[in-house]
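Below you'll find the structure I mean.
Here, each number is a calculation from the coordinates, and none is a lab measurement. Source: prediction; values computed, not measured. Cβ: placed from backbone, ideal geometry, glycine included. Neighbour counts: every protein chain shown.
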Amino acid sequence: MQANDSSMNAKSLIGRLTQQEGINFLFSNRIPRRLVTRFMGWWSRIEHPWICRGSIALWRLFSDLDLSEAKTTHFKSMHDCFTRELKDGARPINAHAAHLVSPCDGVVGGCGPIVRGTMLQAKGSPYSLTELTADAGLAEQYEGGCYATLRLTSSMYHRFHAPADCRVEQVNYIAGDAWNVNPIALKRVTRLFCKNERAVIRCRIASGAMLTLVPVAAILVASIRLRFLDVRLHLRYRGPNVIPCDAALRRGEEMGWFEHGSTIIVLAPVGFRLAEGVFEGLRVRMGQPLLQIS
């Protein structure tokens, strides 16, 4: 009982400290981000029971990690836990043809219409769709469309899935930094999503409309793996930047995973809007309605 009380007290103290914006920003950003991220990539893959159990126990102190839905709770490494699969049926997939489902678990951030090629990463902090995608022609296709930003916290399920039946036509990998993507950093670092490492994934759905998903990496997580590519996109990957694809995916089928928490930005063209009941701050699960046909 005393051990549990001590753990709860430590977690409470850590929680209070990390809620202080200056301290949070200092310890999650004013450090050698790329070096720390590479170290974490190495450390998380060490397959040793003591290191694995100790790392997961420490992780629990900083988060609300819940493994009750995991397919297994026996992990070889911390990386194995980060990228865990869920039990069958843990995420029912909405099948309504008018809906695009959330590709991942997450907290809805900036969302709404795309106006004059800009979107919001936080209140009063716009950024350019052209800069995000590094493609002015692609950005033009979404003028008047809509977007939804999904932030994955460190404890969430880290795999992401197809929002509809689709065919992936191209992936553009864009090298970048590894800023934290939590709300505190989004308030302080302008155009943060345009600075971090990311992938621009173009998906064609049955109607012919082009959806684009932009997974954005972050500190400790600058690594994105896509099931239909035979390379891991990470800080040391330098090309080719544009990778042609021809991968057919069913609604809810796994696309890939982050190796910690991060962000996915979903872009939809004119004719789509936010699904009923979707708003900034909402926690969504993979498979729930995110966007819908107007």
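Under 25 Å Cα-Cα from K123, which lysines qualify once same-chain neighbours fewer than 8 residues away are excluded?
K187, K195
Counting alpha carbon pairs within less than 8 Å and at least 6 residues apart, what relative contact order, in whole percent, applies to region 112-229? Numbers along the way, then the final one.
Working: 169 pairs, mean separation 28.4, N = 118.
Answer for region 112-229 is 24 percent.
Considering only the other residues whose Cβ falls under 9 Å of the Cβ of M210, what net charge follows from Lys and Arg at +1 and Asp and Glu at -1? Kindly include the intermediate steps, with their values, before the conclusion.
Working: positive: R202, R204; negative: E169.
For residues surrounding M210, the net value is +1.
Can I ask one more? Among 92-104, 149-161, how do they line up from the highest to the lowest mean number of other beta-carbon atoms within 10 Å? Can you show the working numbers first?
Working: 92-104: 19.1, 149-161: 22.1.
Taking the mean over residues of other Cβ atoms within 10 Å, the ranking is 149-161, 92-104.
Quick check: Cα centre of region 112-186 to Cα centre of region 263-279, how many Å?
Each part reduced to its Cα centre gives a spacing of 11 Å.
Two decimals is fine: what's Rg over Rh for region 34-133, C-alpha atoms, Kirkwood radius as Rh?
Working: Rg = 18.7 Å, Rh = 17.3 Å.
Dividing the radius of gyration by the Kirkwood radius yields 1.08.
Something else now. What ³J(HN,Hα) values, in whole Hz, does the Karplus curve 6.51 cos²θ - 1.76 cosθ + 1.60 give for region 151-160 when θ = phi - 60°, with x put for Gly and Pro?
For region 151-160, the Karplus-derived couplings read 9, 8, 7, 4, 8, 6, 4, 9, 8, 10 Hz, x marking Gly and Pro.
Sequence-distant or interchain residues sharing an amide H contact under 5 Å with G109, placed H: which?
T149, L150, R151, G281
In nm, to one decimal, how far is the C245 label point from the V270 one, both placed 7 Å along Cα→Cβ?
2.7
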